[in-house]
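All remarks here apply to the structure that follows.
The values are calculated or read from the model by the stated rules, or taken from the named source; none is laboratory data. None of the values given here were measured: they were computed from a predicted structure. Ideal geometry is used to build each Cβ from the backbone, glycine not excepted, and the neighbour counts take in all protein chains shown.
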Amino acid sequence: MSLVFNKKAQYEYSISKKFIAGVVLTGSEVKSLRLQQASLNGSYIKEVGGELFLINAQINGYSFAKQEDYDPKRSRKLMLKKSEMASLIEASKQKGFAIVPIAFFISHNLIKLELALAKGKKEYEKREVIKKRDLEREKRRGE
């Protein structure tokens, strides 16, 4: 079950390989995610000291929890197998590739993050996608 989806990721990047990672969250963040009070817009994944972190993802504070010093855009550590992490870090160092968060979802009562190794699209590729989408819409209206 998908909780929060990054809509811009499909538009901005061509996705080559997907991975699933655990995320280190606090209890109130889990409750906020279950209520779908989060956003992945503008978020990215960065390698720091051989580990991957989710940067700039906004998870709003849970309204029934104490939130004095809560930062909704704090960095969150991702949990992956060492081999997956090494291959992601190596591939992301190649020119044009990035690690992009796709969606938060629930798997066996745990919150996971779907991420992908992706290559940025050029401007003309984005326009092409928009044209195809408009043609499909016109085709459906005509039927």
>> Six or more apart or on different chains, Cβ atoms under 6 Å: show the pairs whose first residue is in segment 2-13 and closer than 17 Å to residue 98 by Cβ and whose second is surrounded by fewer than 19 Cβ atoms within 10 Å (Cβ to Cβ).
In response: 13/120
> Would it be correct to say that residue 22 is assigned to a strand (DSSP E or B) and either at pLDDT below 90 or closer than 19 Å to residue 109 by Cβ (or both)?
Replying inline: yes
>> One residue is enough: does segment 55-71 have a residue meeting the conditions at pLDDT 90 or above, closer than 20 Å to residue 15 by Cβ and in contact with a strand residue (DSSP E or B) (Cβ under 6 Å, 6 or more places away or on another chain)?
In response: yes
>> Quick check on my filter: what residues within segment 48-60 are in contact (Cβ under 8 Å) with a residue 24 or more places away in the chain and surrounded by 16 or more Cβ atoms within 10 Å (Cβ to Cβ)?
In response: 52, 53, 54, 57, 59, 60
> Can we say residue 104 is in contact with an Asp or Glu (Cβ under 9 Å, 6 or more places away or on another chain) and closer than 24 Å to residue 13 by Cα?
Replying inline: yes
> Just checking, which of 57, 91 is out of contact with any His (no Cβ under 9 Å at 6 or more places or on another chain) and within 18 Å of residue 105 (Cα to Cα)?
Replying inline: 57
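Here is a yes/no grid of residues against (1) touching a helix residue (DSSP H, G or I) at 6+ places or on another chain (Cβ under 8 Å); (2) charged (D, E, K, R):
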| site | (1), (2) |
| --- | --- |
| 101 | yes, no |
| 105 | no, no |
| 121 | yes, yes |
| 143 | no, yes |
> Within segment 21-33, can you find the residues that are of a type outside the set (Gly, Ala, Ser), in contact (Cβ under 8 Å) with a residue 12 or more places away in the chain and surrounded by 14 or more Cβ atoms within 10 Å (Cβ to Cβ)?
Replying inline: 23, 25, 29, 30, 31, 33
> In segment 72-85, which residues are touching a strand residue (DSSP E or B) at 6+ places or on another chain (Cβ under 7 Å) and more than 18 Å from residue 6 (Cα to Cα)?
Replying inline: 77, 79, 80, 84, 85
>> at pLDDT below 90 and at positive phi: is that true of residue 96 in this structure?
In response: yes
